[in-house]
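Below: the structure, in structure tokens.
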Amino acid sequence: MSTLELLSEHACFGGVQRFYRHASMATGTPMQFGVFLPPQALEAGAKVPVLFYLAGLTCTEETFAIKAGAQQHAARLGLALVTPDTSPRGTDIPGQADSWDFGVAAGFYLDATEAPWSTNWRMETYVTEELHQLVGHHLPVDLTHAGIFGHSMGGHGALTLALRHPGQYRSVSALAPICHPVDCPWGEKAFTGYLGPDRTAWRTHDATELMKQQQQAPFPLGILVDQGLADKFLQTQLRPEALEAACAQVGQPLTLRRHAGYDHGYYFIQSVIGDHLDHHGRTLLADRSPLAD
């Protein structure tokens, strides 16, 4: 278990927003993440439910903490928020920063199988194993009550990791997610580079395809997805109608809210973030005390 280096700490809504760095075994690089601990987590002996937020293309571990306005809702509910970076950084892979939608800040929350990316680009292992265990060991969070959500590429990550790791996350939601990456330019570019040309492998990292394979609803209490109708990526990249059809096919309850006038950015996220934390809180707080040991 690696140690955590505290980079900064900020009082926030009665709790604390922190940023950490550590040496990652999964990626072979230093990795940074943010964590908001609500006031309930600062009491002696307390552990609180935890939400993992996965950010989108070009973002870092700081983006959500600075822009989303989520801490006030997390403080109200007693939820910790963990925000990893979106890819490894600091490697010497040629061309790693040539594109904004591939390489640095574009890890797509999967473990790459194609050279040269397969050595370091192991974001699925990082998020679901290393980071999960790290925050459980070092921070006052209850991993038996964990949820996951994300935006855009991170919405793709939240949906796919929740489906690929049944039982690890009790709740899931997404904001303007890439729902069907095997059939959009972002996904085709990333999956070709990270996974190779075999589309069979691609389908195992596609939320729509994974949902179609379910024998029963994996999240019977429901999945929440919000999508802005003025989002310039809606038609070509995001494809929420594909996920909607797949959920209907297997009986998975899905609340897909379409919002006129809203685009892809963080003003949209600010507008609906409270609903997402309430969605997770209903599941994560249902059968426990917020101050469970």
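The values are calculated or read from the model by the stated rules, or taken from the named source; none is laboratory data. Worth saying up front: this structure is predicted, and the values here are computed from it rather than measured. Neighbour counts are summed over all protein chains in view; Cβ atoms, including those assigned to glycine, are modelled from backbone coordinates with ideal geometry. The protein model used for the area step is the full one, side chains on, heavy atoms only, and it has no ligands, DNA or RNA in it. Shrake-Rupley method; radii C 1.70, N 1.55, O 1.52, S 1.80 Å.
Can you tell me what the convex hull of the Cα atoms of the chain projects to on average, as an area in nm²? Let's see the in-between values first.
Working: hull surface 55.6 nm².
Directional mean of the projected Cα hull area for the chain stands at 13.9 nm².
Where both residues lie in the chain, what percent of DSSP beta bridges are antiparallel, nearest 5?
Numbers: 22 of 46 bridges.
Close to 50 percent.
I'd like to compare 80-87, 263-270: which one has the highest average count of other Cβ atoms within 10 Å, and what's the full order after that?
Peptide ranking by packing, descending: 80-87, 263-270.
Quick check: convex hull of the Cα atoms in the stretch 126-203, volume per residue, rounded to a whole Å³?
Values: hull volume 7.3 nm³, N = 78.
It comes to 94 Å³ per residue, whole-number rounded.
Would you compute the Debye intensity of the stretch 157-275 from its alpha-carbon atoms alone, equal scatterers and no solvent, and pass along log10 I(q)/I(0) at q = 0.12, 0.13, 0.19 Å⁻¹ to two decimals?
Evaluating at q = 0.12, 0.13, 0.19 Å⁻¹ gives log10 I(q)/I(0) of -0.42, -0.50, -1.05.
For the stretch 60-128, what are Rg and Dmax over the alpha carbons, in angstrom?
According to the Cα coordinates of the stretch 60-128, Rg and Dmax are 14.7, 45 Å.
Consider all pairwise Cα distances in the stretch 207-293 and report the whole-number % of them above 15 Å.
Summing the P(r) of the stretch 207-293 above 15 Å gives 65 percent of all pairs.
I need the peptides 222-229, 52-59 ranked by packing, meaning the mean over residues of other C-beta atoms within 10 angstrom, with the highest value on top. Intermediate results must be reported in sequence, preceding the final value.
Details: 222-229: 22.0, 52-59: 24.4.
Packing proxy ranking, top to bottom: 52-59, 222-229.
Rolling a 1.4 Å sphere over the protein heavy atoms, what is the accessible area per residue of the stretch 125-191, to the nearest Å²?
On the way: 1590 Å² over 67 residues.
Dividing the accessible area of the stretch 125-191 by its residue count gives 24 Å².
What is the distance, in nm, between label points placed 7 Å from the Cα along the Cα-to-Cβ direction at D198 and at S271?
4.3 nm
Quick one: ranking H276, H73, H137 by accessible area, 1.4 Å probe, largest first, what do you get? Intermediate results must be reported in sequence, preceding the final value.
Working: H276 0, H73 40, H137 120 Å².
The residues order as H137, H73, H276, largest area first.
Please work out the Cα center distance from the stretch 120-193 to the stretch 223-285, rounded to the nearest Å.
Answer, in whole Å: 16.
Using amide H atoms built 1.01 Å from N in the peptide plane, name the residues 5+ places from V141, or on other chains, whose amide H lies under 5 Å from its own.
V48
Pop out the carbon and sulfur fraction of the accessible area of the chain as a percent, whole number, probe 1.4 Å. The partial results should precede the final answer.
Numbers: 5780 of 11400 Å².
C and S atoms contribute 51 percent here.
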